[in-house]
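The values are calculated or read from the model by the stated rules, or taken from the named source; none is laboratory data. Note that the structure is a prediction, hence the values are computed from the model and not measured. Positions of Cβ are generated from backbone atoms using ideal geometry, with glycine treated the same way; all protein chains shown enter the neighbour counts.
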Ligand code: C2E
Ligand code: MG
Ligand code: MG
Ligand code: MG
């Protein structure tokens, strides 16, 4: 009987793997179509400057609203896109939308810095700088207005191709941000070598710090370390006023999170910023 149970388990596990693989392949074939027919779109989340209480930037976050399955998390389909060589296409789509958004904001009198996420995998693609600079040129936006948020899990050293690619991007004027700082295993290398102007503290620490002294001290030391290297600090995942107050007390420069605003369609971002500006000037 015991044997039978174990067999059942195996069959079950095998089936669920098969199911998972099939589901990934079906996602992949649908992803190509989804980009063309508007199921894939870009949401924007404001970044709030703590000292001035003003929105000074926004992060572009890709979204896929599947007609039957509903929203599919980018954590899921970005991984599939990376595995099956679709990441360049998605990134081109997102960067193009984000740059257009920044130009439109400027047209409305709002000067924001725009951030996009760049997969570690793309940092090994020699076509990346050309692709980004071309999009900027087409829309007439200065490279200094675009920040690339980088998360890397591999180690980084000065001789690596990734490092050389990042150097090239910085020389062209683009800004770099170290995303999800504190998680993964490459973060100290990144602080040592990366010409980044910004560090984003991972939301796991930001969310734990209200209840946990160790996390609070960790966030505090990340802020101090980044400042000692002349980098701007962004706290992501700020969901409460209490978290905001703590971060303010630590001299954290910028916050991002549901407490300020969720990632929203571009027109809602525009409305949110205008509303805040109207309240400021009374
Ligand atoms: P990320 O770049 O670290 O983005 C932050 C994530 O935290 C986003 O999840 C955002 O919606 C979420 N978030 C923001 N504020 C809060 C908060 O107060 N509480 C909580 N619990 N979450 C908050 P999202 O949009 O699901 O994206 C997940 C990840 O997918 C991103 O993490 C990024 O690594 C990746 N991603 C998203 N868009 C793109 C893209 O266009 N290209 C690439 N390569 N990756 C992307
Ligand atoms: Mg990010
Ligand atoms: Mg992050
Ligand atoms: Mg992340």
inquiry  = One residue is enough: does segment 108-119 have a residue meeting the conditions within 20 Å of residue 39 (Cα to Cα), touching a strand residue (DSSP E or B) at 6+ places or on another chain (Cβ under 8 Å) and more than 11 Å from ligand 1 (Cβ to nearest atom)?
reply    = no
remark   = The correct count of residues that are on the phi < 0 side of the Ramachandran plot, assigned to a loop (DSSP other than H, G, I, E, B) and over 21 Å from the mean Cα position of the chain (by Cα) in segment 210-253 is 5
task = From the list 232, 197, 187, pick out the single residue that is without any contact (Cβ under 8 Å) to a residue 12 or more places away in the chain and either in contact with a strand residue (DSSP E or B) (Cβ under 9 Å, 6 or more places away or on another chain) or within 21 Å of residue 146 (Cα to Cα) (or both).
result = 187
note = Residue set 149, 104, 144, 88; condition away from ligand 4 (no atom under 16 Å from the Cβ) and either over 20 Å from the mean Cα position of the chain (by Cα) or assigned to a strand (DSSP E or B) (or both); output residue 104
request  = Find the residue count for segment 136-150, including only residues that are in contact with a strand residue (DSSP E or B) (Cβ under 9 Å, 6 or more places away or on another chain) and modelled with pLDDT of 95 or more.
outcome  = 9
inquiry  = Go through segment 195-207 and report how many residues are assigned to a helix (DSSP H, G or I) and surrounded by 16 or more Cβ atoms within 10 Å (Cβ to Cβ).
reply    = 4
query = Is it true that some residue in segment 186-194 is assigned to a loop (DSSP other than H, G, I, E, B) and away from ligand 3 (no atom under 16 Å from the Cβ)?
reply = no
note = All conditions in (1) more than 16 Å from ligand 4 (Cβ to nearest atom); (2) in contact with a strand residue (DSSP E or B) (Cβ under 8 Å, 6 or more places away or on another chain); (3) not in a helix (DSSP H, G or I) are true of residue 177 except (1)
task = Filter segment 209-232 for residues that are in contact with a helix residue (DSSP H, G or I) (Cβ under 6 Å, 6 or more places away or on another chain) and either at pLDDT below 95 or more than 15 Å from ligand 3 (Cβ to nearest atom) (or both) and give the result.
result = 209, 210, 215, 218
query = Would segment 151-158 turn up any residue that is in contact with a helix residue (DSSP H, G or I) (Cβ under 8 Å, 6 or more places away or on another chain), modelled with pLDDT under 95 and within 13 Å of ligand 3 (Cβ to nearest atom)?
reply = yes
